[in-house]
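Undergrad: The structure is given below, and queries will be raised subsequently.
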Amino acid sequence: MEINAHGGLISMQTAVRPGQKLLVLNKGEESSQQCIVLSVRVQQERAFDVGVEFPTAIPQFWQNLEMAPKAIADLAKLWTDQSRNLS
């Protein structure tokens, strides 16, 4: 897992496609941010590494997350169902 002010690389169990809009939720901060899928890499069946980008840099979005992959996976979840309304 990698995250920065411009977005990040996040593991997902739901298939998405480049260009798709998603809503990233930071449960710890109770905040959300729209992003766009830049890349998708299949790791195994139903496991994907997804590169996402925010429309503008938001350094404070990930501010209070631990950098461990487990913490990121627990606190930042991509909701593809909600993203369909963003398209």
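The values are calculated or read from the model by the stated rules, or taken from the named source; none is laboratory data. Here the structure is a predicted model, which means the values were calculated and not measured. No Cβ is skipped: glycine too gets one built from the backbone with ideal geometry, and neighbour counts run over all protein chains shown.
Undergrad: Under the condition of being in contact with a strand residue (DSSP E or B) (Cβ under 6 Å, 6 or more places away or on another chain) and surrounded by fewer than 16 Cβ atoms within 10 Å (Cβ to Cβ), which residue from segment 44-53 is modelled with the lowest pLDDT? First the steps, then the outcome.
TA: Within segment 44-53, the first condition is being in contact with a strand residue (DSSP E or B) (Cβ under 6 Å, 6 or more places away or on another chain), and the residues that meet it are 48-53.
Checking which are surrounded by fewer than 16 Cβ atoms within 10 Å (Cβ to Cβ) leaves us with 49, 53.
On the way: D49: 91, E53: 94.
So the residue we want is D49.
Undergrad: In addition: Can you tell me how many residues within segment 14-26 are assigned to a loop (DSSP other than H, G, I, E, B), at pLDDT below 90 and under 12 Å from the mean Cα position of the chain (by Cα)?
TA: Looking only at that region, the number is 1.
Undergrad: Working only within segment 7-34, note down all residues that are under 17 Å from P55 (Cβ atoms) and either loosely packed, with under 15 Cβ neighbours inside 10 Å or polar (S, T, N, Q) (or both).
TA: Residues satisfying the conditions are P18, G19, Q20, N26, S31, S32, Q33, Q34.
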